[in-house]
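Below is one structure, written out as structure tokens; comments come after it.
Bear in mind that the values in this text are calculations on the coordinates, not laboratory data. The model shown is predicted, which means the values in this text are computed figures rather than measured ones. A quick note on method: Cβ atoms are made from the backbone with ideal geometry, for glycine too, and the neighbour counts reach across all protein chains shown.
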Amino acid sequence: MSFEKIRKIPGADEIIQLVPMSTELVKIKAKRDVELREIIEGGNDKFLVIVGPCSADEEDPVCDYVSRLAALNEKLKDKLFIVPRIYTNKPRTTGEGYKGMLHQPNPDEAANMLDGILSIRRMHARAIQESGLTAADEMLYTDNLAYCEDMLSYIAIGARSAEDQQHRLTASGIDLPVGMKNPTSGDFNVMFNSIQASQASHTFIYQGSEVKTSGNPLSHAVLRGSVNKHGASLPNYHYEDLKLAAEMYEQRGLRNPAIIVDVNHSNSGKRFAEQPRIAKEILHSRGYSERLRRMVRGLMIESYIEEGSQKIGEHVYGKSITDACLGWEDTEKLLWHIAENV
């Protein structure tokens, strides 16, 4: 065994006291949470759009981007419910590379996870304060949920995590919408097993205590495409894929059957510029089928201020250092198109 202790990480209660949510921000989040719950439950016809950078690596451009979303949201809020992506933990296929702000609050410097946790909270608080929008983040590590759950309105479980027992059980105790992605293999049964598990009550060990959860009825499906044994991307956003997911929901009898489609990742083959075309096809499928119009309740889009991606150290303001993203101009056009066609 070769573990070197670097520094003690305080518990969540202590961290939250160091960077608290003001009463004003708590009220903003509570109001947003109610509306988002209604969308997932089917009682609100607004279309959910979870949009933003592949990874939130720097506070200033992230908050600038979210404020731009907020200005657009004011114009589109009768049709859309916009949730900014502020993803601070990044899964790495080989374990190498930038793992997100949680690990490196400054991508040019060494890892410092205590500073990372504090930086995440400061960024989320600033984004809410400046925009009035509460964000989505990925629960890559279940132990870290307690450090920022009070600031989020949506939590994603990634393709590699959806099969993990601890992620499923932890999701069953979250009082927010949790999107379960299909695994990289593309097996819908795995995704629906994850949803079924997270909608049920469980007893397990969480953060040093034996806990019992009530189950999360807001857990739902996220289609993100898959990868075959040769490494080729296979999309699952076509009409037949959406229809199959809807049928499997009905067969399982799960609560609040909602489908969100991730228009990047394996659905686009990581070709970021394909996202608008894919989004338009999904909207067409919703228009063709009343069942899909009810069940397909949103999209995930990767977008930032500048299109494409850059290497760490290039320092182009508002440009992704992980997966390539749509630029702001194309994002704005796409959100207008979505609002006009839902």
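Can you tell me the equivalent ellipsoid semi-axes for region 212-319? Use √(5λ) from the Cα gyration tensor, largest first, whole Å.
On the way: eigenvalues 165, 62, 42 Å².
Working from the Cα gyration tensor, I get semi-axes of 29, 18, 15 Å.
Could you order peptides 336-342, 105-111 by the average number of other Cβ atoms within 10 Å of their residues, highest first? Walk me through the intermediate numbers first.
Numbers: 336-342: 16.4, 105-111: 13.3.
Descending mean neighbour count gives 336-342, 105-111.
Among GLN199, GLN165, GLN104, which one shows the highest mean-square fluctuation when the chain is modelled as a Gaussian network with alpha-carbon springs under 10 Å?
GLN165
Run down the lysines and flag those whose C-alpha is under 22 Å from the C-alpha of LYS280, throwing out any fewer than 8 positions away in its chain.
Within reach: LYS46, LYS75, LYS77, LYS79, LYS181, LYS243, LYS270, LYS333.
For ARG122 and GLU240, FRET efficiency with R0 = 41 Å and r from the beta-carbon atoms, rounded to 0.05? Present the calculation step by step, with values, prior to reporting the outcome.
Values: r = 45 Å, r/R0 = 1.09.
About 0.35, to the nearest 0.05.
Can you compute 3J(HN,Hα) from phi for each residue in region 296-309, using the Karplus curve 6.51 cos²θ - 1.76 cosθ + 1.60 with θ = phi - 60°, rounded to whole Hz and x for Gly and Pro?
So the J values, rounded to whole Hz, are 7, 10, x, 10, 10, 10, 9, 8, 8, 6, 9, 6, x, 8.
Once Lys and Arg get +1 and Asp and Glu get -1 on their Cβ, which of TYR206, ILE86, ILE120 lies farthest toward the positive end of the dipole of region 86-228?
ILE86
Determine one quarter of the surface area of the Cα convex hull of the chain, which equals its mean projected area, and express it in nm² to one decimal. Present the calculation step by step, with values, prior to reporting the outcome.
Numbers: hull surface 67.7 nm².
The orientation-averaged projected area of the Cα hull of the chain comes to 16.9 nm².
How many nm is it between the label spots at GLU340 and GLU96, if each spot is 7 Å from the Cα in line with the beta carbon?
4.6 nm
How large is the charge dipole for the chain, taken about the Cα centre, if only the Cβ atoms of Lys, Arg (+1) and Asp, Glu (-1) carry charge, to the nearest 20 debye? Could you put the intermediate results ahead of the total?
Working: 41 positive and 48 negative charges, 147 e Å.
So the dipole magnitude of the chain works out to roughly 700 debye.
Within 10 Å, count the other beta carbons around each residue, average over each peptide in 169-177, 28-36, and list them highest first.
Working: 169-177: 22.0, 28-36: 16.2.
Going from most to least packed, we get 169-177, 28-36.
Using the Cα gyration tensor of region 1-134, with a ≥ b ≥ c the square roots of its eigenvalues, what is the shape: rounded (a/c below 1.5), prolate (a/b larger than b/c) or oblate (neither)? Display every interim value, and only then the final one.
Details: a/c = 2.09, a/b = 1.76, b/c = 1.18.
In terms of gyration-tensor shape, prolate.
With +1 on each Lys and Arg Cβ and -1 on each Asp and Glu Cβ, and nothing else charged, work out how big the dipole of region 258-341 is about its Cα centre, in Debye to the nearest 20. Don't jump to the answer; show the numbers that get you there.
Working: 12 positive and 13 negative charges, 93 e Å.
Result for region 258-341 is approximately 440 debye, rounded to the nearest 20.
Starting with the highest mean, order 272-281, 49-58, 246-255, 152-161 by the number of other Cβ atoms within 10 Å, averaged over the residues of each peptide.
Values: 272-281: 18.5, 49-58: 25.8, 246-255: 15.0, 152-161: 23.1.
Output ranking for 272-281, 49-58, 246-255, 152-161: 49-58, 152-161, 272-281, 246-255.
Add +1 for every Lys or Arg and -1 for every Asp or Glu among the other residues with Cβ under 13 Å from the Cβ of LEU218, and state the total. Spell out each step's value before the answer.
Numbers: positive: ARG37, ARG255, ARG297; negative: ASP33, GLU35, GLU38, GLU41, ASP175.
That sum, taken over residues with Cβ under 13 Å, equals -2.
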